[in-house]
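This report concerns only the one structure given below.
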């Protein structure tokens, strides 16, 4: 007769609130990136269309028909000036439309209940949305460089300052995603079309994409008014990171402004997100 073996009971080590929050945060980001991977066929054409058209018209079509911006001598300079602005433009559009519009739709359809019920503070869900949106914005910004390498009819002279570029890109992407979160909780579905006419267009045309901030000196009121536009700092910062010999806003100003914008947009977005999902 065999003696029964008693297996000692094991007790799972409870997770600390911090580790549980981090695990939930990682899972939420991975979930959003998995959704992006499944919808990559829709995301990439949307991310490529606007920069492709801007590069094609201003740096390929205009020079070929003799209407290059800045004339024959200045066309290459304009193409070089334009490229960082287009990268910033692509990055911020992901925040406005991919992050912002998707959040507006999900809040209206109440599709966030499963994530809000996760064993983690509600703010974690909102911050995870910023992190996933920043990674999407990074992809959208990086795909511009191959387009600019092969399409322009005029030379594009880029000389990356790698320490600045590797710090500026994450800041611009986080600014874009945090802005998207804030817009997503501030706009209702019925007013979502205003995102293009009231938000996206003014940001684009007054965002130092096609010109440097310093070139607005003849219009001092406008020059200082556009400093409220985060895209100005994104364009100027990426210009400083990729082009040498071109005047731009001082880097400490750019870094400081982007950090402030990230903080303001994140606070507005997280508070609005909590209010919307818990109401």
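The values are calculated or read from the model by the stated rules, or taken from the named source; none is laboratory data. Being a predicted model, the structure only gives us computed values, none of them experimental. Cβ sites come from the backbone with ideal geometry, for glycine too, and all protein chains shown count toward neighbours.
Some observations on this one:
- Here residue 272 does not qualify as at positive phi, surrounded by fewer than 21 Cβ atoms within 10 Å (Cβ to Cβ) and either touching a helix residue (DSSP H, G or I) at 6+ places or on another chain (Cβ under 7 Å) or modelled with pLDDT under 95 (or both).
- Test: residue 55 is assigned to a helix (DSSP H, G or I) and either in contact with a strand residue (DSSP E or B) (Cβ under 6 Å, 6 or more places away or on another chain) or modelled with pLDDT of 80 or more (or both): yes
- Search result, residues across the stretch 206-246 that are assigned to a loop (DSSP other than H, G, I, E, B) and either touching a strand residue (DSSP E or B) at 6+ places or on another chain (Cβ under 7 Å) or free of Cβ contacts under 8 Å to residues at least 60 places away in the same chain (or both): 206, 213, 217, 218, 219, 229, 245
To keep it simple, each residue is scored yes or no on (1) in a helix (DSSP H, G or I); (2) buried (at least 21 other Cβ atoms within 10 Å of the Cβ); (3) free of Cβ contacts under 8 Å to residues at least 60 places away in the same chain.
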| residue | (1), (2), (3) |
| --- | --- |
| 124 | yes, no, no |
| 128 | yes, yes, no |
| 166 | yes, no, yes |
| 176 | yes, yes, no |
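Yes or no, residue by residue, for (1) at pLDDT 90 or above; (2) more than 28 Å from residue 156 (Cα to Cα); (3) in a helix (DSSP H, G or I); (4) touching a strand residue (DSSP E or B) at 6+ places or on another chain (Cβ under 6 Å):
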position	(1), (2), (3), (4)
74	no, no, yes, no
87	yes, no, yes, no
98	no, yes, yes, no
103	no, yes, yes, no
108	no, yes, yes, no
120	no, yes, no, no
133	yes, yes, yes, no
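- Filter result (touching a helix residue (DSSP H, G or I) at 6+ places or on another chain (Cβ under 6 Å) and not in a helix (DSSP H, G or I)) within the stretch 247-265: 247, 248, 249
- Positions within the stretch 41-68 being without any contact (Cβ under 8 Å) to a residue 24 or more places away in the chain and in contact with a helix residue (DSSP H, G or I) (Cβ under 9 Å, 6 or more places away or on another chain), in sequence order: 62, 66, 67
- Apart from one condition, residue 203 fits all of (1) within 18 Å of residue 140 (Cα to Cα); (2) not in a helix (DSSP H, G or I); the exception is (2).
- Some residue of the stretch 187-195 being over 25 Å from residue 54 (Cα atoms) and crowded, with 18+ Cβ neighbours inside 10 Å: yes
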